[in-house]
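Undergrad: Please find one structure pasted underneath; my questions will follow.
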Amino acid sequence: MSTRPPEDVEVAVVGAGVVGDAVALALARRGVTVAVLEAEPEPALAASATNSGILHLGFDSVPGELETALIARSAVLRPSVLGALGVPVLSCGALVRGRSPADREALAALARNAARNGVAALLEGDRLAIPGESVTDPVAFSFALLGAAQRHGAVLRTRFRVVALERARQGFTLVAESGERVSARLAVNCAGLRADAVAALAGDHSFAIYPRKGEFLVFAPAPAQRLDRILSPLPSRRTRGVLAFPTVDGMVVAGPTAVDQEDKDDWSVRPEARAEIVAGVSGLYPPLADAEPVFAYAGLRPAGRGTNYVIGPSPACPRLVNVAAIRSTGLSASLGIAERVAELVAALGVALGPERELEPGPTPAPRGSWWRRTAEYRASAHA
Ligand SMILES: Cc1cc2nc3c(=O)[nH]c(=O)nc-3n(C[C@H](O)[C@H](O)[C@H](O)COP(=O)(O)OP(=O)(O)OC[C@H]3O[C@@H](n4cnc5c(N)ncnc54)[C@H](O)[C@@H]3O)c2cc1C
């Protein structure tokens, strides 16, 4: 049991994935005292580090949905934030390919959808080009936001798995498995796969999260076979399908799969994943059909059962703001989500000051390839 006195902050953010990191930055920049409480030994060791790293503009998102609006808002906010913080971005564009002339109508419909969402998309026969799509290093992205939040005064507590939310007159005391405690007027629940469990600590059973696994293969292409764009099949309502995309460190990645599972701790790559990915990608990018991958990793999307983008005060406890079920686009939408959460926090009575300029500074990003990091951590944690 720790004897440390409880930290006393205005807002406790539970979870240091990209969403929690962005929320911490949005609040700390406006002078709010923030503690970020993360269960793992380091930030961004879950979905935020095991995705495709694509900064979507929303060309295929459903017009009018909250997710689409927050992706669009992020696209406006992103250039200045990423520029100021030196986050690597490959502005490569994307190409959606139909499989046959019969797909032309579907591509035309996708182009109309993009136009409704304000995203530039160009029909070129049986291909649709989206020049504004880009890729980033999602770990560097997350660490940059969190590092900037810390420079604006936010405090990070790792190995702080929140296991109890004790209500107090002025807010909460958040209690960690270790016994450590942090007091806060408001808590923002950005706990990804475990956001339902964190909400339940406050008596909120209004949503459930399940893992939708996405597996990837990483290839080290010869320079002549490097990919210069994101290649994508026609997306369906359920999934964007298996893509091929370049990384900021010169690799080519193929994936992800989309496999619903129950176990929130199963980060394994299934033996059959390789054949599924190769079958999906070889029509898009033939050099990968016979290539040997150098690595494989899996991510778990925090998917809501029958819901998506649950953002708002908990119906059971308004001092808890849920930011949950951010399933497939949280990297792209994080800055818009954070702006929305800052508005909610202000509406709940925490005074926000003027937004301060971002202070550039060294980002303590982990060394090594982002696409290896979580898989290696999970493997060593279970060894
Ligand atoms: C296969 C795949 C591909 C994807 N591709 C893209 C893409 O190309 N572009 C895009 O924009 N998005 C993509 N996404 C979606 C994106 O990765 C997620 O939407 C985003 O990472 C969600 O971030 P988060 O912070 O909500 O969750 P997470 O990153 O899961 O973070 C939650 C954090 O909360 C912590 N936590 C949990 N419980 C507790 C507790 N009790 N106490 C303290 N801490 C706790 C966890 O340890 C974790 O660090 C993809 C996701 C996957 C899995």
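Undergrad: Could you rank the peptides 22-33, 351-362 by their average count of other C-beta atoms within 10 Å per residue, with the highest value first? Numbers along the way, then the final one.
TA: Working: 22-33: 25.7, 351-362: 11.6.
Order by mean packing, descending: 22-33, 351-362.
Undergrad: Related question: Between Asp8 and Arg237, what's the calculated FRET efficiency when r is the beta-carbon distance and R0 is 51 Å? Round to 0.05.
TA: Values: r = 46 Å, r/R0 = 0.91.
Here the calculated transfer efficiency is 0.65.
Undergrad: Let me ask something else about it. Running a GNM on the chain with Cα contacts under 10 Å, which residue among Ala108, Ala69, Ala291 ends up with the highest mean-square fluctuation?
TA: Most flexible of the set in this elastic network: Ala291.
Undergrad: Determine ³J(HN,Hα), in whole Hz, for all residues of region 176-191 in sequence, where each value follows from phi through the Karplus function 6.51 cos²θ - 1.76 cosθ + 1.60 and θ = phi - 60°; x replaces Gly and Pro.
TA: Computed from phi, the couplings for region 176-191 are 8, 3, 6, x, 4, 9, 9, 9, 8, 6, 10, 10, 10, 8, 10, 8 Hz.
Undergrad: Next up: Using helices alone, what [θ] at 222 nm do you get for the chain, with -39,500 (n - 2.57) per DSSP H run of 4 or more residues, divided over all residues and rounded to the nearest 500? Mind showing how you got there, number by number?
TA: Values: 8 runs with 103 residues, N = 383.
Computed mean residue ellipticity for the chain: -8500 deg cm²/dmol.
Undergrad: Between Thr158 and Glu65, what is the label-to-label distance in nm when each label sits 7 Å out along the Cα-to-Cβ direction?
TA: Using points 7 Å along Cα→Cβ, the separation is 3.4 nm.
Undergrad: Express the accessible area of the chain per residue in Å², computed with a 1.4 Å probe while the remaining protein chains stay in the model. Present the calculation step by step, with values, prior to reporting the outcome.
TA: Values: 15640 Å² over 383 residues.
With the other protein chains kept in place, the chain gives 41 Å² per residue.
Undergrad: Quick check: Cα centre of region 146-175 to Cα centre of region 211-243, how many Å?
TA: So the separation of the two Cα centres works out to 36 Å.
Undergrad: Label Ala316 and Glu166 with points 7 Å out from Cα along Cα→Cβ: what is the distance between them in nm?
TA: Between Ala316 and Glu166, the simple spin-label model gives 1.9 nm.
Undergrad: Suppose each label sits 7 Å from its Cα in the direction of the beta carbon; what would the Asp290-Leu352 distance come out to in nanometres?
TA: Going from the Asp290 label point to the Leu352 one covers 5.6 nm.
Undergrad: How much of the pair distance distribution for region 244-383 lies past 28 Å, counting alpha-carbon pairs only, in percent? Show your work: numbers first, answer last.
TA: On the way: 3898 of 9730 pairs.
Tail fraction, whole percent: 40.
Undergrad: Right, here's the next one. Compute the convex hull volume of the Cα atoms of region 103-221, divide it by the residue count, and report the result per residue in Å³ as a whole number.
TA: Values: hull volume 28.1 nm³, N = 119.
Convex hull of Cα atoms, per residue: 236 Å³.
Undergrad: Between the helical axis of 18-28 and the dominant principal axis of the chain, each derived from Cα atoms, what acute angle in degrees is found, rounded to the nearest 10?
TA: Tilt relative to the chain: about 50 degrees.
Undergrad: Take every Cα pair under 8 Å in the chain that's 6+ residues apart, average their separations, divide by the length, and report that relative contact order as a whole percent. Can you show the working numbers first?
TA: Values: 894 pairs, mean separation 100.2, N = 383.
Value for the chain: 26 percent.
Undergrad: Among 192-205, 139-152, how do they line up from the highest to the lowest mean number of other beta-carbon atoms within 10 Å? Walk me through the numbers before you get to the answer.
TA: Values: 192-205: 20.8, 139-152: 25.2.
Going from most to least packed, we get 139-152, 192-205.
Undergrad: When the Kirkwood radius is taken over all Cα pairs of region 170-237, what Stokes-Einstein diffusion coefficient follows at 4 °C and 1.567 mPa s, in µm²/s?
TA: Numbers: Rh = 16.8 Å.
The estimated diffusion coefficient comes to 77 µm²/s.
Undergrad: Return the percentage of antiparallel bridges among DSSP beta bridges fully within the chain, rounded to the nearest 5 %. Present the calculation step by step, with values, prior to reporting the outcome.
TA: Numbers: 46 of 67 bridges.
Here the antiparallel bridges make up roughly 70 percent for the chain.
Undergrad: Sticking with this one: How large is the direction-averaged shadow of the alpha-carbon convex hull of the chain, in nm²? All intermediate terms of the calculation are to be shown ahead of the outcome.
TA: On the way: hull surface 74.9 nm².
Value for the chain: 18.7 nm².
Undergrad: Compute the FRET efficiency between Ala383 and Glu343 as 1/(1 + (r/R0)^6), taking r as their Cβ-Cβ distance and R0 = 56 Å, and round to the nearest 0.05. Mind dumping the intermediate values first?
TA: Numbers: r = 44 Å, r/R0 = 0.79.
Plugging the Cβ-Cβ distance into 1/(1 + (r/R0)^6) gives 0.80.
Undergrad: Region 87-144: percent of C-alpha pairs farther apart than 14 Å?
TA: Numbers: 971 of 1653 pairs.
Of all Cα-Cα distances in region 87-144, 59 percent exceed 14 Å.
Undergrad: While we're looking at this one, here's another question. Quick one: with all protein chains in place, what share of the accessible area of region 7-381 is carbon or sulfur, to the nearest percent (1.4 Å probe)? Let's see the in-between values first.
TA: Numbers: 7700 of 14730 Å².
Exposed carbon and sulfur together represent 52 percent of the surface.
Undergrad: May I pose another question? Compute the long axis of helix 104-116 from its Cα atoms, compare it with the longest principal axis of the Cα atoms of the chain, and write down the angle in degrees, 0 to 90, nearest 10.
TA: 30
Undergrad: Using Cα pairs closer than 8 Å and at least 6 residues apart in sequence, work out the relative contact order for region 238-383, in percent.
TA: Relative contact order of region 238-383: 16 percent.
The values are calculated or read from the model by the stated rules, or taken from the named source; none is laboratory data. The structure displayed is predicted, hence computed values, not measured ones. No Cβ is skipped: glycine too gets one built from the backbone with ideal geometry, and neighbour counts run over all protein chains shown. All accessible areas refer to the heavy atoms of the entire protein, side chains included, with ligands and DNA or RNA removed. Shrake-Rupley method; radii C 1.70, N 1.55, O 1.52, S 1.80 Å.
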